[in-house]
1. Run the quick spin-label model on ARG33 and CYS148: label points 7 Å from Cα toward the beta carbon, then report their separation in nm to one decimal.
2. Given 0.36 nm per residue, what is the gain on full extension from SER118 to GLN135 after removing their alpha carbon distance, in nm?
3. For the charge dipole of the chain, defined by +1 on Lys and Arg C-beta atoms and -1 on Asp and Glu C-beta atoms about the Cα centroid, which residue among LEU115, GLN14, ILE105 has the Cα displaced farthest towards the positive pole?
4. Could you pull out which residues in the range 126-162 have an amide N less than 14 Å from a spot 7 Å beyond the Cα of GLN4, following the Cα-Cβ vector?
5. When you count, for each residue, the other Cβ atoms within 10 Å and take the mean per peptide, how do 202-209, 77-84 rank with the highest first?
6. Helix hunt in the chain: which complete DSSP H runs extend at least 18 Å axially by C-alpha with mean Kyte-Doolittle at least 0.5?
7. Set the Förster distance to 30 Å, then compute FRET efficiency between ARG183 and GLN12 from the Cβ-Cβ distance, nearest 0.05.
8. Taking only C-alpha pairs under 8 Å that are 6+ residues apart, what is the relative contact order of the chain in percent?
Amino acid sequence: MTLQRLVVDPIQMQADQLHLTAEQQRYLHRVLRYRPGDRFMALDGHGHQWLAELTPDLALAVVVSPGASVVPAPQVDITLMAALPKGNSFDQVVRQATELGVSCIQPVISDRTLLHPSPKRLDRWRRIAAEAMEQSEQPRVPPILAPCPWSSLLIPSPEARYLCVARQDAPSLLACLLQQSYRRITIAIGPEGGWSPSEVEAALVAGFQPVSLGNTVLRAVTAPVVALAVAHAAANLQAVDH
């Protein structure tokens, strides 16, 4: 039977005991109807996990496994730079990108960005990422960085960085990824309406490679899913070839 997964802070672990927060207690006891003796997997979101068992004390679980295990690192670390769409659409981007195993999410404030989120919105995205990690059985919670203007992110880097564009003559992301094997890549997705001409020009100067995700124009919440799926497909193909 697949065990329920629960993301915890490492500071909650003391010797062989896991001290549950009030929110975790409500989730386990009231939502899942867990009782003393029921077991679950506790994860720190960084690749470590423990088998834990609830005790009669509702605020405490005992660690059953002998120690932490480290989940193997992914084939490729993918940083997603995504311009913030309007409304609450970025919630969906965070959730789906986490399910697809993204390594880091950098929200971007672009020329056409309408949303300027508060710190509470950032906290919400981080909670969504933790929940998506639990549900999708990913081993790690991707860091959700504070939103930054696009111009502040255009620092030259030796890593492979791709700028997804539409309605332009650009090679496909898949073709570019298959040309060479990379350990770390960055994929940048624009807002509704796409990147402005000046943003594209500045990205090219900073070393970004413009790429296409296909002949159709994708929504700002759909493009990240397609890009991440393509990146993982390329990594899997290269792993088979080697």
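1. 4.8 nm
2. Length difference between fully extended and current span is 3.5 nm.
3. LEU115
4. Of the residues in the range 126-162, 134-135 have backbone N under 14 Å from the label point off GLN4.
5. Ranking the peptides 202-209, 77-84 by packing returns 77-84, 202-209.
6. Result, helices passing both filters: 223-241.
7. 0.40
8. 20 percent
Bear in mind that the values in this text are calculations on the coordinates, not laboratory data. Note that this is a predicted model, so its numbers are computed, not measured. As a convention, Cβ positions derive from the backbone with ideal geometry for all residues, glycine included, and neighbour counts pool all protein chains shown.
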